[in-house]
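Only one structure is covered here, and it is reproduced in the block below.
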Amino acid sequence: MSTVNYELIGDIGVIRLNNPPVNALSHGLREGIWGAIKNAQEDASKALVLLCEGRTFIAGADITEFGKPPQAPGLSEVITEIENSCKPVIAAMHGTALGGGFEVALACHYRCALASAKVGLPEVKLGLLPGAGGTQRTPRLAGVAAALELITKGSPIPAAKAESLKLIDRVIDDDLLKGALAFARELIDRNAPPRRVRDIVIDPASVPEGLFDDFRQRLEKRARGQLAPQHIVTCIEAAVHQPFDEGLTKELNLFIECLLSSQSAALRHLFFAERTATKIQGLPKDTPTREIKSVGIIGGGTMGGGIAMNFANVGIPVKLLEIDQAAIERGLAVIDKNYNITLKKGKLTEAQKTHCLSLIEGTTDYADLAEVDLVIEAVFENIELKQEVFAKLDQFCKPGAILATNTSYQDIDQIAAATNRPEDVIGLHFFSPANVMKLLEVVRGSKSADDVIATAMQLAKIIKKVPVLAGNCFGFIGNRMVRPYGREAQLCLIEGATPEQIDTVMQSWGMAMGPMAVGDLAGLDIGYKVRQGLNEAEKGDPKTYCIADALVEIGRLGQKSGAGYYRYDPKTRARSSDPEVLALIEAQAEAHGIERREISDEEILNRLTFALINEGAKILEDGTAQRPSDIDVVYVYGYGFPPHRGGPMHYADSIGLAKVYESICAFRDQHGEAYWTPAPLLTRLAQEGKTFASWTNDQH
Ligand code: 3H9
């Protein structure tokens, strides 16, 4: 079948688009739509229906074409052709009508959609704005306030909501073609003319005073430092105050500015990185998978409970194993509390909550796990305890069940060795809070079977996680890299910075939270306990964590004890600086013979981010990560790295590996090789003038 097909059904012309997988507006599709509309002007049709084959209506412009020389007809020309049609054109949508796809629909004269369809303008998530009239047509139909929300958030909305916003005219319950033909028939029968959204005029007096300025200010908090959301507001403002064509010109100019920005390059990189991460090198696409219809979870604490929710949310029953009934009840109460938070936010109904809870069943008996298809162990981080759990699982679970550990740094092979089926053992490292965080590190043990890996990657999509394959080493990808990052934060602290300075630098740069605030949130005692378990050689230089350790030793464990690097208001949890901490830092510096100095914001930023990048390079070279973009996905989805900077490895490429390498050499000269040795891969790429991204390509 060709990309665009045309058929006359009675006096209705049906234009069918077919450009798998998502009907993106690639050159061939644009050409086909343009030609079909043009030809249909001359035939016997009285109305035209535009719909798509396959899983979805047009999902947007073809992102892979961005940055390449443009090929006519451009999307704007296609849209003009549709809008100027002398016969009414009806968009009939199913799946997801997104971005340029929804803009095509907005240029049609009428719109209908299946009830299950979603529509939206998600360009902002790619650092872009709708560049084919979306910012001009949406407010003309839905009003200014709704358009601002819809386009700056970028989240698709269900057909019924779109209908209530007048973005679509009709919701169709079952057969899309039949419904669209019936709609077309009605329009023909009542001689309905082509109705152009561009002809609607927005009365400026209908827009509340100060709306745009207020919205811009809100965006400064919600989308700190991001270009596209602010430009979207400017475009919608133009839709109110300027004629349609002038608004379109403004939109196009700002779209191009966004397209050429480093922010959009980073976000588009992430879009493909997330999808590439699901592909396992050496594992054919058709690798068989095991069916996961029920799950067992060992440990009903914060982590185990959060993991259980992911499965219940998609209808997979869970058996939650704890040591006694009291522990089960505590675990279920936390889960109930978490669901109530979602309920309050309006993201869940009472009936859905009841259903989810009914899928989670507590038990104290391993024999109850005999029939589950997957078990995830989420007990305390102690290797002997984990081995004990796995020996039991080996004894009780059916053959073929996948046995997973949620450990964040223990050796998967040692855990697998406690069973007689190491091929069924894998790491599934969820991030806290597990019901919220998107990242899932899938950790491959040396004996993990291919179908176990393939199942884990597939399962991640079912439970709406973003999976990344990691090799088995201390901390895998994420926690291994965060160690030198945390180390540098500690060293900056003792050398002269304050917790506030470090957090402000990192947060204004875009991190969701600064490292000190993260430490307080997670609990400073966690790292302390891990360090206590290390031998002297592993502990390294005693000055590195002396401040964190000293805080724990005086009972400042972070938010949970009301004080850590900061002091926390017991009621509001608002944090404030604490002179006691500064005094403690100064005392530790003196005890270790360090003369505190002024540390620049730039030094803090570079030491922290370059420490991540250097470890990332080592992780690539030793095969712990499959590709640099996988590391980026880990950091954005698991560690609050700013998406518009694309992840640490993309960021390194964007500022140039030579700069990173030279700075690391300077840090080495200043602080010594124990802290800073440029990774061999970074050295090589920097000297050859290459990027991390090119290294990936070299491997294929
Ligand atoms: C835009 O429209 C700009 C205009 O305003 C103005 C222009 C002038 N292009 O996600 P999946 C690929 S900007 C190219 O796994 P799902 C994707 O890489 C665009 N390729 O499927 C993957 O390839 P592979 C605004 C695309 O069912 C395959 O399709 N639109 C595009 O989970 C399957 O994708 C958007 O931002 C694309 N536009 O989800 C929508 N989209 O198999 C972006 C997908 O080789 N797309 N691919 O890895 C999506 O959100 C999801 O893909 C969608 C399907 C919800 C549609």
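Could you tell me which residue out of Ile426, Gly510, Pro122 lies farthest along the dipole of the chain toward its positive end? Charges go on the beta carbon: Lys and Arg +1, Asp and Glu -1, centred on the Cα centre. Among Ile426, Gly510, Pro122, the one farthest towards the positive end of the dipole of the chain is Pro122.
Quote the FRET efficiency, to the nearest 0.05, computed for Glu220 versus Ala512 with a Förster distance R0 of 22 Å and r equal to the Cβ-Cβ distance.
Numbers: r = 16 Å, r/R0 = 0.72.
Once the sixth-power term is evaluated, E becomes 0.85.
Once the C-beta distance of Lys539 and Ile462 is scaled by a Förster radius of 35 Å, the resulting FRET efficiency is 0.25 to the nearest 0.05. Size descriptors for the range 601-699: radius of gyration and Dmax over Cα atoms are 12.6, 37 Å. Under the convention that each Lys and Arg Cβ holds +1 and each Asp and Glu Cβ holds -1, the size of the dipole of the chain around its Cα centre is about 1340 debye. Derived scalar couplings between HN and Hα for the range 158-168 equal x, 3, 4, 5, 4, 5, 5, 8, 6, 7, 10 Hz in order, rounded to whole Hz, by the Karplus curve 6.51 cos²θ - 1.76 cosθ + 1.60 (θ = phi - 60°), x for Gly and Pro.
Per the Debye formula on identical point scatterers at the alpha carbon atoms of the range 484-591, with no solvent, log10 I(q)/I(0) at q = 0.10, 0.21 Å⁻¹ is -0.26, -1.19. A straight Cα-to-Cα reach below 20 Å connects Lys46 with the lysines Lys38, Lys87, Lys178, residues fewer than 8 places away in its own chain not being considered. Taking a Cβ cut-off of under 11 Å around His650, the surrounding Lys, Arg, Asp and Glu residues balance to a net charge of 0, with basic ones at +1 and acidic ones at -1. Taking amide H atoms as placed 1.01 Å from N in the peptide plane, the amide H of Arg290 lies under 5 Å from those of Thr455, each 5 or more residues away in sequence or on another chain.
Here the gap between Thr234 and Glu361, fully extended at 0.36 nm per residue and compared with their Cα-Cα distance, gives a gain of 40.5 nm. Along the range 454-462 the Karplus relation, 6.51 cos²θ - 1.76 cosθ + 1.60 evaluated at θ = phi - 60°, assigns HN-Hα couplings of 4, 5, 4, 5, 5, 4, 4, 5, 4 Hz to successive residues, with x for each Gly and Pro. Here the range 1-24 is scanned for amide nitrogen atoms under 15 Å from the site 7 Å beyond the Cα of Arg55 along Cα-to-Cβ, giving 19-24.
Of all DSSP beta bridges located in the range 320-452, what percent are antiparallel, nearest 5? Approximately 30 percent, going by the DSSP bridge assignments. Stokes-Einstein, applied to the Kirkwood radius of the chain over Cα pairs at a viscosity of 0.692 mPa s and 37 °C, places its translational diffusion at 117 µm² s⁻¹.
Among the chymotrypsin sites (Phe, Trp or Tyr not before Pro) found in the range 450-529, those both in a DSSP coil and sparsely packed, with 14 or fewer other Cβ atoms within 10 Å of their Cβ, are Phe474. Which residues among the range 175-211 fall inside the zone where the amide N is under 17 Å from a point 7 Å beyond the Cα of Ala115, along Cα→Cβ? Correct set: 175-180.
Size of the dipole of the range 4-259 about the Cα centre, Lys and Arg at +1 and Asp and Glu at -1 on the beta carbon, nothing else charged, in debye to 20?
Details: 28 positive and 32 negative charges, 104 e Å.
For the range 4-259, the charge dipole is close to 500 debye.
Taking the C-alpha atoms only, the angle from helix 478-495 to the longest principal axis of the chain is near 60 degrees. Distance from the alpha carbon centroid of the range 1-28 to that of the range 258-301 works out to 30 angstrom. Spin-label pair Ala522-Glu598: with each label point 7 Å from Cα along the Cα-Cβ axis, the two points sit 3.2 nm from one another.
Helix 499-509 and the longest principal axis of the C-alpha atoms of the chain enclose an angle of approximately 30°. In this simple spin-label approximation, Glu350 and Ala591 carry label points 7 Å from Cα along the Cα→Cβ vector, and these lie 5.6 nm apart.
Projecting the Cα atoms of Gln230, Ile37, Leu254 onto the charge dipole of the chain, computed from C-beta unit charges around the Cα centre, puts Ile37 farthest toward the positive end.
Round to a whole angstrom and tell me the spacing of the C-alpha centers of the range 502-548 and the range 74-105. So the separation of the two Cα centres works out to 53 Å. Given 20 °C and 1.002 mPa s, compute D for the range 295-477 with the Stokes-Einstein relation, Rh being the Kirkwood radius over Cα pairs; round to the nearest whole µm²/s. Translational D for this selection: 132 µm²/s.
Looking at the chain alone, DSSP beta bridges between its own residues are antiparallel in about 25 percent of cases. Each of Val660, Ala679, Ile631 was placed along the dipole of the range 601-699 (beta-carbon charges, centred on the mean Cα), and the one lying farthest toward the positive end is Ile631. A helix-only calculation puts the chain at -15000 deg cm²/dmol for mean residue ellipticity at 222 nm, using -39500 (n - 2.57) for each DSSP H run of at least four residues, averaged over all residues.
For the range 484-591, give the magnitude of the charge dipole about the Cα centre (Cβ charges: +1 Lys/Arg, -1 Asp/Glu; no others), in debye to the nearest 20. Don't jump to the answer; show the numbers that get you there.
Numbers: 11 positive and 16 negative charges, 94 e Å.
Computed about the Cα centre, the dipole is about 440 debye.
Take the Cα of Thr683, step 7 Å toward its Cβ, do the same at Lys571, and the gap between the two points is 5.9 nm. For the range 271-279, the Karplus equation 6.51 cos²θ - 1.76 cosθ + 1.60, evaluated at θ = phi - 60°, returns couplings of 4, 6, 4, 4, 6, 5, 4, 6, 9 Hz by residue, with Gly and Pro reported as x. Once backbone amide H atoms are built at 1.01 Å from N, Thr96 has Phe57, Lys118 as its partners under 5 Å, excluding neighbours fewer than 5 places away on the same chain.
If you line up the long axis of helix 176-189 against the longest principal axis of the chain, both from Cα atoms, how many degrees apart are they, to the nearest 10? Tilt of helix 176-189: around 30 degrees. Full extension of the chain between Asp324 and Lys293 yields a length gain of 8.6 nm, computed as 0.36 nm times the residue separation minus the alpha carbon distance. A compact globular protein would have a Cα radius of gyration near 2.2 N^0.38 Å; the ratio found for the range 286-327 is 1.35.
Among the listed pairs Lys279/Lys353; Lys337/Lys465; Lys398/Lys464, those whose Cα-Cα separation exceeds 32 Å are Lys279/Lys353.
Any read-out appearing in this document is the output of simple, stated calculations on the displayed coordinates, not a laboratory observation. Keep in mind it's a predicted model, so treat the numbers as computed, not measured. Please note: Cβ atoms are built from the backbone with ideal geometry, for glycine as well, and neighbour counts cover all protein chains shown.
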